[in-house]
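Written below as structure tokens is the structure these notes are about.
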Amino acid sequence: MERAMKTPINFYYDFVSPYSYFAFSQRDEIRQRTGRELRLCPVTVGKIMEIVGNVPTSITCKTKRAYQGQDVIRWVEKLQIPFALHPQFGTFSTAPLVRAALRAGEDIEAFSEAAFHAVWAEQAPVTDNSAMYDYFARKEERFATYWSENTQMEDALEQSNSSAVDDGVFGVPYFHTDAGNFFGNDRLDFLYKAIGR
């Protein structure tokens, strides 16, 4: 009852972001340490950056990209989660995955976990619509349904992106709370300090 009365944390993420994957893997700890519900809010971060005037510096800056490669490995080792860089990373849109997650409704958490693993652990055939249907069907038949119906969710995606902009999002992962906003997987300690139990 106490948890339900507290304002949920809006957790904005995109499946293209390895740091979103890292933050998502810590969702149970976030809930436990803050005593809050997490409102899962998948977005297309590239569109949000375009709206707010941000740029993906890990793409535009070769030196930062090299550093991020090292940093990602450190986080994988720290969190002990499966990881495999997708061979097509940087060449595909995650919008269909985001729309499918929104289509999942109350099943959004389970589908999002499968989608993160598709991109960051299992090198799924994300550019092949039919192959991805089969991929999700092997996970859970209902996941394949969300995937096949993802094109119906364009308005929901636009609304999710719009809400993100309203909440101050400029990149992901991003946590919007009644005690302030927190950007990045490496800012969770500040989140816990602000609203931890």
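The values are calculated or read from the model by the stated rules, or taken from the named source; none is laboratory data. Treat the numbers as computed from the prediction; the structure is a model and nothing was measured. Cβ: placed from backbone, ideal geometry, glycine included. Neighbour counts: every protein chain shown. These area figures cover heavy atoms from the full protein model, side chains too; ligands, DNA and RNA do not enter into them. Shrake-Rupley method; radii C 1.70, N 1.55, O 1.52, S 1.80 Å.
Within region 44-63, the residues that satisfy the criterion of being part of a helix (DSSP H, G or I) and β-branched (Val, Ile, Thr) are Val45, Ile48, Ile51, Val52, Thr57, Ile59, Thr60, Thr63.
Looking across region 110-150, just one residue is crowded, with 19+ Cβ neighbours inside 10 Å, over 20 Å from Leu85 (Cα atoms) and of a type in the set (Ser, Thr, Tyr), and that is Tyr146. A single member of Ala84, Ala100, Ala66 is among the small types (Gly, Ala, Ser) and either closer than 17 Å to Pro173 by Cα or outside any helix (DSSP H, G or I) (or both), and it is Ala84. Just name the residue that is nearest to the chain's Cα centre (by Cα) out of those in region 44-68 that are open to solvent by less than 40 Å² (accessible area, probe 1.4 Å) and within 16 Å of Asn185 (Cβ to Cβ). The selected residue is Val45. Every residue in region 91-109 that is open to solvent by 50 Å² or more (accessible area, probe 1.4 Å), within 16 Å of the chain's Cα centre (by Cα) and within 16 Å of Val16 (Cβ to Cβ), please. Matches in region 91-109: Ser93 only.
Rundown of residues vs (1) assigned to a helix (DSSP H, G or I); (2) within 15 Å of the chain's Cα centre (by Cα), yes/no style:
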{"site": "Ala115", "(1), (2)": "yes, yes"}
{"site": "Ala124", "(1), (2)": "no, no"}
{"site": "Ala144", "(1), (2)": "yes, no"}
{"site": "Glu158", "(1), (2)": "yes, no"}
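In the set (1) closer than 29 Å to Thr57 by Cα; (2) touching a helix residue (DSSP H, G or I) at 6+ places or on another chain (Cβ under 7 Å), the condition left unmet by Tyr146 is number (1). The residue list Asn181, Asn161 contains one member that is modelled with pLDDT of 95 or more, surrounded by fewer than 21 Cβ atoms within 10 Å (Cβ to Cβ) and not aromatic (Phe, Trp, Tyr), which is Asn181.
Being of a type in the set (Phe, Trp, Tyr), surrounded by fewer than 19 Cβ atoms within 10 Å (Cβ to Cβ) and closer than 30 Å to Asp128 by Cβ holds for only one residue in Phe24, Phe11, Phe83, and it is Phe83. Identify the residue in region 1-43 that is part of a strand (DSSP E or B) and among the hydrophobic types (A, V, I, L, M, F, W, C) and, among all such residues, is nearest to Asp155 (Cα to Cα). Residue satisfying both the conditions and the ranking: Cys41. Of the numbered criteria (1) surrounded by 15 or more Cβ atoms within 10 Å (Cβ to Cβ); (2) assigned to a helix (DSSP H, G or I); (3) in contact (Cβ under 8 Å) with a residue 24 or more places away in the chain, the one Gly171 fails is (2).
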